[in-house]
Every structure is written in structure tokens, then in C-alpha cells.
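Read through the structure below, which is laid out as C-alpha cells, and then see the notes.
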Amino acid sequence: MEIYFEKENIYTQDSKGELMITIMSSLAQEESRSISENVTWGQRKRMADGKVTMPYGRFLGYRKGEEGLPEIVPEEAEVVRMIYKSFMEGMSPYKIAKMLMKMHILTPAGNENWHASTIKSILTNEKYKGSALLQKKFTVDFLTKKQKVNEGEVPQYFIEDSHPPIIDPQEFELVQAEIARRKEIGRVYSSINIFSTKLVCSCCGGFFGSKVWHSTSKYKRTIWQCNHKFQNGEKCSTPHLYEAEIKKRFIEVCERVAADRNDFIASCQQIVEMLSDTAAIDRKIEEQYIYLNGLASAMQQFIRENAMHPQGKDFYKKRMAEYDKQKAAVESRLKDLQSQKAARLSRKELLDGLVKVLEENGILIDKFDERL
């Protein structure tokens, strides 16, 4: 089928027409590339100058204020604070999403249905602490507009105190530590019951889980026992526990602590100071980053030299395999160090909370307090 372009006087089935279409499409493509590069340059210039932009239509807690700067929306900010508070009190992103739907609170996009992924995004977005990491993603192809997560291919810009925070920076970092702690626990973590992932087996180190005995009879009872009790062929020596007994023991511990509150607080504060000192871990993390950057620079230099003076396909593959192996080892060490730091900060947070309760209210109770 032939197409005739009146303005350009081109017939598609004509040989000259085909040539003209090819030339014009090439020119159009280059024009599109030029426009894309100019737009990208402008955006990166804004980032380098520390100018922060947000997708306000889908961003909970902020709106575009004067001079284009982010401005806090008070009622939405309260929802963000409630999400962070609920998470630190033990709720999972899924349960927080259910809670918000029950309260008829709309999502950042104005929808009724919340998803756990939306909650996770809010909990990990550094913009809520008043900072901004710019160019997390970049456009790979100017024609398809396909985007990719930035893994060092293009510069990133981290701007501190770029706008008013909704969440205190320290609280934000503690939430990141708690996310890391739960991730380390893995699928075992649960927020269904107050005792989930709180009771640890002294025999094997596994968590206690709830089990229902005689579920179909009048003798139905809920007990807690080690999840690994009958695994690996060796039975754990720890006994099962009834929930009423756990609560009774908790009250007894609170009574003992209350009787010696000052010494207990002093001991907790000493441990908090010890856990807060992450300088040694930070130095090791920095050393790994320096080594990783040096490794990347060495490989870039090798690639440039090989492009100018090719040294053979097999040699190139061998060098790249060595680089990938070294990079993977460094990234694994980094992950371990970051997990250690997160675990320390998470334990610090728990003790900080306990000390605060002890100093303000005490913990002398006559009945089980779930929040405590």
C-alpha cells in the first residue's frame, strides 16, 4: 500500500521517496536526541545546584511551595508520622496498609487501596528527613524513554537539609536500622502477635512460635514453643509455654526492674553508649568503599587501554571475570558490615525506648501491658 505525503510531496513506493523518508527520519531522530540531551543537561545542572523537585501529585506530605521549594502539608505529614510510629511499634508494612484503609485515608495518588510496597517506599524515602538523593534513576534510551536504577553509571547528588523535614533524621535512621533488622530475621519476622520474634530458644537460638493444641475440641489451647523443636533430628530441651505464663513472668521481671530502677537505667545507658559508637564499623565500611572505587577506576582504565590497544578476547574476559569476583567479595563484606551496624542501632533503639519509659513512667505494673 502506497502513502503520499502532500506537504513533502513524497510517495512511499517511489525509490526517491524512500531515500527522502530515510534522510528525514534520521534528521528527526538526531533532533530528538539533541532535545533529550539538552533537557538531561538542564536537569543535571539543577541537581548539581542542589535544587530539589518532587512528584508532588504522588508524594504524601509535601506540596510545591513558594519559589518551587517543597512545603509541608500538615494533615498529610501526620499520616507520614503515624506510618513511621506504627512501624517502630512493631507493625509490618502490610498491617499498616490495612490500618490506613480501615481509617479511610487516601494514598499519595488519591486512591483508597494501600499496598505494602507504598508503605515501604514512604519508610525508606530520605526526603522525609529533609534530605534528597537525586538521580536515583536515569533514562537509558532517549527514544523508548526506558529508565534504569542508577548503579554508578551517572553522578548522584545527595543534598542535606534541602527542605523542611517531616521525620526527625535520627528517627529516620532508626527506622532504616529496624528495616535491616527485620530483613536479617527474614520470613520468620511476624507482627501478628506481641510475642512474635520476641521469645528466643536458649537451646538452639531459634524463635518461639504459637501453636494450637486440640483445635477441634473443648480443650483447645494456644502454646508457644521453639519452631525448631522437632527439626534436624534433635529435640530442643526448652519446654513449651502458655501465654498466661509468659505474661505472668513479664510482670515479675518488671517488678524486679522497678525495685532497682536507677541501677538498671544506668546499666542500660552504658550499653546504649557502647552501641551508639559505630566508629570502628564506619571506618571499615569507608575502607571497603574506597577499595571498591579504586577497583572501579582500575577497570575503567583497563577498558580504555584495551580499546586503544586490544589485548585479545580471552584476556579481556579473564580480567573482567576477576574484576566481577573481587567486586562481589567487597560488596558482600559491605553488606555484612552494614548489617552489623543496623543490628547495633536497632538494639540501641530498643534500649533507648525502655530507658525513656523507665524515666518518665516507670514499669511497676499489676497487669500485662502490651505496649510496654
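Rule-based calculations on the coordinates, nothing more; no lab input. Source: prediction; values computed, not measured. Every residue, glycine among them, receives a Cβ derived from its backbone with ideal geometry; neighbour counts consider all protein chains shown.
Quick look at the numbers
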| quantity | calculated |
| --- | --- |
| Summed side-chain charge close to residue 326 - residues other than residue 326 whose Cβ falls under 14 Å, Lys, Arg +1, Asp, Glu -1 | +2 |
| Cβ crowding within 10 Å averaged over residues, with 222-230, 294-302 ranked highest first | 222-230, 294-302 |
| Packing-based ranking, highest mean first, of 117-129, 310-322 given that Cβ atoms within 10 Å are counted | 117-129, 310-322 |
| Helix 93-102 axis, angle to the chain major axis (alpha carbon atoms, nearest 10°) | 90 |
| Net charge, residue 266 excluded, C-beta distance under 15 Å - Lys, Arg +1, Asp, Glu -1 | -3 |
| Sum of side-chain charges, residue 345 neighbourhood, beta-carbon under 9 Å (Lys, Arg +1; Asp, Glu -1) | +2 |
| Residues whose placed amide H lies under 5 Å from that of residue 203, excluding near-sequence neighbours | 238 |
| Alpha-carbon centroids, segment 80-122 and segment 239-273: separation in whole Å | 32 |
| Which of 364, 351, 345 has the fewest Cβ neighbours within 10 Å, and the rest in rising order | 364, 351, 345 |
| Label selected from [x] 17.6; [y] 33.5; [z] 25.6, the criterion being mean projected area of the Cα convex hull in nm² as computed here | [y] |
| Members of 229/284; 102/341; 98/325; 129/183; 64/85; 235/341 lying beyond 32 Å, as alpha-carbon distances in this model show | 229/284; 102/341; 98/325; 235/341 |
| C-alpha long axis of helix 243-259 to longest principal axis of the chain, angle in ° | 80 |
| Of 242, 214, 339, farthest towards positive along the dipole that unit charges on Lys, Arg, Asp, Glu beta carbons give the chain | 214 |
| With Cα atoms, 0 to 90° folded angle of helix 313-360 axis to the chain main axis | 40 |
| Long-range HN-HN contacts of residue 59 with modeled amide H, under 5 Å | none |
| Whole-Hz couplings from phi, Karplus 6.51/-1.76/1.60, listed for segment 164-172; x for Gly and Pro | x, x, 8, 10, 4, x, 5, 5, 4 |
| Mean shadow area of segment 247-372 over all directions, Cα convex hull, nm² | 11.3 |
